[in-house]
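Enquirer: Encoded as structure tokens, here's the structure I'll be asking about.
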Amino acid sequence: MSTLVRNITALASAGFGINTLDVAPPPSAAGAVNRYVAIVGDFPWGPKNVATLCTSPANFEATFYPTAFGARDTTTFTAMRALIGKSFPGPFYVLGIAPTSVAAVTRADTYTVTGGTYIATAAYPGTLGNAPTITFAAATDADATHRNITIAIGTTYTITYVNVTTTTILTLGNAYITFTAGSSPSVLPAAAAAAGATVAGTNGTALAADYVGSSSSNVGIRKFFASNVNPVTLFVAECPSALIATVNTGLVAFAQGSGKDCLAVLSSVASQTLATALTYAASYRDTGSRVAMIWPRPKVVNSYDSTFPTITVDGNAFLAVAAAAVDPWRPVTGVGAKAYLRAIVDLETNDSADGYLDLLSAAGITGLCMESTLGPIFGQGVVNNVTSGQTDLARTTFRTYANVNIQALSVQYLGVPLDVDLTGQTLGENTRGLPGSIRAFLQNEKDLGHISAYVVDEFGSTSSVDLAAGKWTIAIAVTTYAGLNILILATQIGTTVVIPS
């Protein structure tokens, strides 16, 4: 007796009926969106022009402003203010620039001895490199050719290396001072020796190019063009006021030309009036809904200062963190990002005109306000787009989320022959799985209530010429729920109130 249901191992074995063939399911990338925030700034310590992944604010401080240097100086190093009161959704990238206008100098002390020299060099350039002291003393083992070497920074850090020799001095592994040899020194510096020649570290003055970079200068935000570094939002930490215009232009160019779905949050101008902000925004619009601005700047309590003063900071850090932290299918406006704005205690300017949030939104600016019940919130979250005007930021963040997931599905098909029949509107064995995977991902988003509708068209946007050249375009349209949250509440109140006596 025959069966119409059978298991087969190849299509050639298929017969009339139901044939079960085990094949690998399409890869699922649901939830693959990265939530990395990227920060570019002039930090006092740490790697220069390297996108460094920090696991937490404490890890950031250990790398870019270690506790060995004592209290944090946020006046000299204003970029540190970008970390005040921020609750990052996870690890974040930090890139410290290398100022070049007045070249940053690294501290170096030279000790001349028999046969050559020993050079003590600070790990990174800048004034913090001048902080360590180096003391040579008689060795603990009483060997006259050995030394005890103590490296200290004020009263917060001290370490002593005992019984150091002419060779082990070169491998101490200290985080702040490194010893190298010039020529072939045969003895160590004498006990209590002072450096015979010194070079003091200086910070240098940053140029806009140090922040922005170029195709011929792979520095600053240019480092985030790399395919292996893909943040969801990027901002410049407390950009110097004289450089803001050029740096913002560079951020717009990055948002337009990087080939990434990264939201660039522009730097804010200090003491900017509402009217000036509305005019300013028009100069920094992009064509891809990937640029955001914020007005006004917020005030926070400086937790790095023991006297806890209130200072005004750039709001771009708050917007960048909130846009990355809030679920991408939810708006950052209103209560959506409230948890990420808790550190804000006031605003640089409080405009009393009714409807100023509507004016900001129309200009493509995210408005920050102090609501009497909720406290600090983003009144309306928009991106500054030249082609579509006011665009809800939630639509941009969801697009990023969807694109990352769809890209993760699509990359599995790189190098696969495109057996697409445009005339017959059919897909072959190689390609039929991709549109199905995309639909499955979007249907799941619809079932979860993240989007209201979607359309996937695998034939309508590809020509036979494109296909012959190995280019297949799948057009995807997604309808999100309205995110501006304009609520109209109608309340009817009786015209006569009678109070019985």
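The values are calculated or read from the model by the stated rules, or taken from the named source; none is laboratory data. Remember, it's a predicted structure, so these values are computed and weren't measured experimentally. Here the Cβ positions follow ideal geometry from the backbone for every residue, glycine too, while neighbour counts run over all protein chains shown.
Enquirer: Based on this model, can you work out whether residue 289 counts as surrounded by 22 or more Cβ atoms within 10 Å (Cβ to Cβ), touching a residue at least 24 places away in the same chain (Cβ under 8 Å), among the hydroxyl-bearing types (Ser, Thr, Tyr) and not in a strand (DSSP E or B)? Let's see the steps before the verdict.
Expert: Numbers: surrounded by 22 or more Cβ atoms within 10 Å (Cβ to Cβ): yes; touching a residue at least 24 places away in the same chain (Cβ under 8 Å): yes; among the hydroxyl-bearing types (Ser, Thr, Tyr): yes; not in a strand (DSSP E or B): yes.
Judged against the criteria, residue 289 is a match.
Enquirer: Looking only at segment 326-367, how many residues end up being among the charged types (D, E, K, R) and either over 21 Å from residue 277 (Cβ atoms) or assigned by TED's automatic domain parsing to the domain that holds residue 480 (or both)? Outline the logic, then answer.
Expert: Residues of segment 326-367 among the charged types (D, E, K, R): 327, 330, 338, 342, 346, 348, 351, 354, 358.
When the remaining residues are screened for being either over 21 Å from residue 277 (Cβ atoms) or assigned by TED's automatic domain parsing to the domain that holds residue 480 (or both), the result is 327, 330, 338, 342.
Summing the residues that are among the charged types (D, E, K, R) and either over 21 Å from residue 277 (Cβ atoms) or assigned by TED's automatic domain parsing to the domain that holds residue 480 (or both) in segment 326-367 gives 4.
Enquirer: If you go through segment 228-242, how many residues are modelled with pLDDT under 95, surrounded by fewer than 20 Cβ atoms within 10 Å (Cβ to Cβ) and not polar (S, T, N, Q)?
Expert: 1
Enquirer: Could you tell me how many of the residues in segment 310-338 are surrounded by fewer than 24 Cβ atoms within 10 Å (Cβ to Cβ) and modelled with pLDDT of 95 or more?
Expert: Number satisfying all stated conditions: 3.
Enquirer: Just name the residue that is nearest to residue 135 (Cα to Cα) out of those in segment 165-190 that are loosely packed, with under 14 Cβ neighbours inside 10 Å and touching a residue at least 40 places away in the same chain (Cβ under 8 Å).
Expert: The selected residue is 190.
Enquirer: Then there is this: How many residues, within segment 351-379, are touching a residue at least 40 places away in the same chain (Cβ under 8 Å) and part of a loop (DSSP other than H, G, I, E, B)? Steps first, answer last, please.
Expert: Initial filter on segment 351-379 (touching a residue at least 40 places away in the same chain (Cβ under 8 Å)): 351, 353, 356, 359-361, 363-368, 374, 376-379.
Narrowing the set further to residues that are part of a loop (DSSP other than H, G, I, E, B) leaves 351, 353, 364-365, 374.
Within segment 351-379, residues that are touching a residue at least 40 places away in the same chain (Cβ under 8 Å) and part of a loop (DSSP other than H, G, I, E, B) number 5.
Enquirer: Please verify whether residue 245 is assigned to a helix (DSSP H, G or I) and either crowded, with 17+ Cβ neighbours inside 10 Å or on the phi < 0 side of the Ramachandran plot (or both), treating the condition exactly as stated. So that I can check it myself, show each step before the final result.
Expert: Values: assigned to a helix (DSSP H, G or I): yes; either crowded, with 17+ Cβ neighbours inside 10 Å or on the phi < 0 side of the Ramachandran plot (or both): yes.
When the stated conditions are applied, residue 245 passes them.
Enquirer: Follow-up. Looking only at segment 339-350, count every residue that is in a helix (DSSP H, G or I) and surrounded by fewer than 18 Cβ atoms within 10 Å (Cβ to Cβ) and tell me the total.
Expert: 1
Enquirer: Here is a further query. Here are some residues: 449, 433, 483, 428. Which one is at pLDDT 85 or above and under 30 Å from residue 367 (Cα atoms)?
Expert: On the way: 433 fails: under 30 Å from residue 367 (Cα atoms); 483 fails: at pLDDT 85 or above; 428 fails: under 30 Å from residue 367 (Cα atoms).
Matching residue, one of 449, 433, 483, 428: 449.
Enquirer: Also: Pull out all pairs, ordered by first then second residue, where Cβ-Cβ is under 8 Å, the residues are six or more apart or on different chains, the first lies in segment 306-325 and is in the same structural domain as residue 340 (by TED's automatic domain parsing) and part of a helix (DSSP H, G or I), and the second is surrounded by fewer than 24 Cβ atoms within 10 Å (Cβ to Cβ) and among the charged types (D, E, K, R).
Expert: So the pair list comes out as 317/86; 318/86; 321/86; 324/35; 325/35.
Enquirer: Give the residue, chosen from 400, 423, that is more than 27 Å from the chain's Cα centre (by Cα) and not assigned by TED's automatic domain parsing to the domain that holds residue 297.
Expert: 423
Enquirer: If you take just the strands (runs of 3 or more DSSP E) that sit entirely in segment 84-123, which of them hold at least 1 residues that are under 30 Å from residue 345 (Cβ atoms) and either touching a residue at least 24 places away in the same chain (Cβ under 8 Å) or not assigned by TED's automatic domain parsing to the domain that holds residue 171 (or both)?
Expert: Details: elements: 92-96, 108-113, 116-122.
Output list reads 92-96.
Enquirer: Here's something else I'd like to know. Which condition number does residue 329 fail, the rest of (1) touching a His at 6+ places or on another chain (Cβ under 8 Å); (2) not in a loop (DSSP other than H, G, I, E, B) being met?
Expert: Just one mismatch for residue 329, condition (2).
Enquirer: Can you find, within segment 209-227, the residue that is modelled with the highest pLDDT among those that are surrounded by fewer than 20 Cβ atoms within 10 Å (Cβ to Cβ), of a type outside the set (S, T, N, Q) and not in a loop (DSSP other than H, G, I, E, B)?
Expert: Filtering first and then ranking leaves 209.
Enquirer: Against the conditions (1) in a loop (DSSP other than H, G, I, E, B); (2) over 17 Å from residue 135 (Cβ atoms), where does residue 193 fall short? Just the number, please.
Expert: It is condition (2) that residue 193 fails.
Enquirer: Name the residues in segment 417-451 that are among the polar types (S, T, N, Q) and loosely packed, with under 12 Cβ neighbours inside 10 Å, would you?
Expert: Filtering segment 417-451 down to residues among the polar types (S, T, N, Q) leaves 423, 425-426, 430-431, 437, 443-444.
Across segment 417-451, the qualifying residues are 423, 425.
Enquirer: Residue 360 is checked against (1) crowded, with 22+ Cβ neighbours inside 10 Å; (2) within 25 Å of residue 478 (Cα to Cα) and fails just one. What number does that condition carry?
Expert: Failed condition: (2).
Enquirer: Considering (1) crowded, with 23+ Cβ neighbours inside 10 Å; (2) polar (S, T, N, Q); (3) in contact with a helix residue (DSSP H, G or I) (Cβ under 7 Å, 6 or more places away or on another chain), say which one residue 405 fails and leave the rest.
Expert: (1)
Enquirer: Now, a different point. Among 416, 404, 383, which is aliphatic (A, V, I, L, M), closer than 30 Å to residue 443 by Cα and in a loop (DSSP other than H, G, I, E, B)?
Expert: Numbers: 404 fails: in a loop (DSSP other than H, G, I, E, B); 383 fails: in a loop (DSSP other than H, G, I, E, B).
Step by step, each of 416, 404, 383 is checked, and only 416 is aliphatic (A, V, I, L, M), closer than 30 Å to residue 443 by Cα and in a loop (DSSP other than H, G, I, E, B).
Enquirer: How many residues are of a type in the set (S, T, N, Q) and surrounded by fewer than 18 Cβ atoms within 10 Å (Cβ to Cβ) if we restrict to segment 198-208?
Expert: So the first thing to find is which residues in segment 198-208 are of a type in the set (S, T, N, Q), and the list is 198, 202-203, 205.
Now narrow it down to the ones that are surrounded by fewer than 18 Cβ atoms within 10 Å (Cβ to Cβ): 198, 205.
Counting residues in segment 198-208 that are of a type in the set (S, T, N, Q) and surrounded by fewer than 18 Cβ atoms within 10 Å (Cβ to Cβ) gives 2.
Enquirer: Please go through segment 46-98 and give me each residue that is closer than 20 Å to residue 208 by Cα and buried (at least 21 other Cβ atoms within 10 Å of the Cβ), ordered by number.
Expert: Of everything in segment 46-98, those that are closer than 20 Å to residue 208 by Cα and buried (at least 21 other Cβ atoms within 10 Å of the Cβ) turn out to be 77, 79, 80, 81, 82, 94, 95, 96, 97.
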